[in-house]
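Engineer: Input: one structure, supplied below.
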Amino acid sequence: MEYIILIISAILVNNIVFAQTLGICPFLGVSSKISSSVGMGAAVVFVITLATLVTFLLNQYVLVPLELGFLQTIVYILVIAALVQMVEIILKKVSPSLYSALGIFLPLITTNCAVLGVALLVIQKNFNLLQSVVYGFSTAVGFGLALVIMAGIREQLELASVPRGMKGSPITLVTAGILALAFMGFANLV
């Protein structure tokens, strides 16, 4: 039951984008088409889950025993950068169309503060290894959900009659704010 609560909380209640405001840059940048949002969401799920696992193990078995906790952020950034490079190479070979659709946003995963934020949050919350991986995966799924929902709304907004002064970024930011308010409705769920 504890893990179900952790999953629901990470996806809906404490959504990384809407409740913790992490990962806003790729959220706004990639959420214009559903196809690229799904691809970016899948890449983020893979990177966050793997980064959470690797950084947790590095922290527990290298940084803490050697009393090198002050290097935590730098080590985590290097691990995340290496993982993103690995995902980029795999996507280039497996799905060139998705690779080209993601364009500049794939390297943005490296600087996506959601990835680093999750790696740091699992240490802050004193999660064990399984809790960390479940939390990382669930948070990434929440990020992907936010991306896909926003992409669907933005595709519909392209067809809608939006006032000239609200087209583009203004309507996107208003929509993101309304989505954040909607996700606040899940606050009493768990």
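Engineer: So which of P163, P170 ends up being over 19 Å from the mean Cα position of the chain (by Cα), closer than 24 Å to V38 by Cα and either open to solvent by less than 60 Å² (accessible area, probe 1.4 Å) or not polar (S, T, N, Q) (or both)?
Structural biologist: Testing whether each residue is over 19 Å from the mean Cα position of the chain (by Cα), closer than 24 Å to V38 by Cα and either open to solvent by less than 60 Å² (accessible area, probe 1.4 Å) or not polar (S, T, N, Q) (or both) leaves just P170.
Engineer: For the stretch 87-122, which residues satisfy the criterion of being of a type in the set (V, I, T), open to solvent by 40 Å² or more (accessible area, probe 1.4 Å) and assigned to a helix (DSSP H, G or I)?
Structural biologist: Passing the criteria: I89, I90, V94.
Engineer: Now for a separate question. Taking L78, is it surrounded by fewer than 17 Cβ atoms within 10 Å (Cβ to Cβ), aliphatic (A, V, I, L, M), within 19 Å of G117 (Cα to Cα) and under 21 Å from the mean Cα position of the chain (by Cα)?
Structural biologist: yes
Engineer: From V44, V30, V17, V84, which residue is over 25 Å from G168 (Cβ atoms), at pLDDT below 95 and open to solvent by less than 40 Å² (accessible area, probe 1.4 Å)?
Structural biologist: Answer to the selection: V84.
The values are calculated or read from the model by the stated rules, or taken from the named source; none is laboratory data. Bear in mind that the values here come from a model prediction, so they are computed numbers and not experimental data. Heads up, the Cβs are rebuilt from the backbone with ideal geometry, glycines too, and the neighbour counts pull from every protein chain shown. For accessibility, only protein heavy atoms count, side chains too; no ligands or nucleic acids. Shrake-Rupley method; radii C 1.70, N 1.55, O 1.52, S 1.80 Å.
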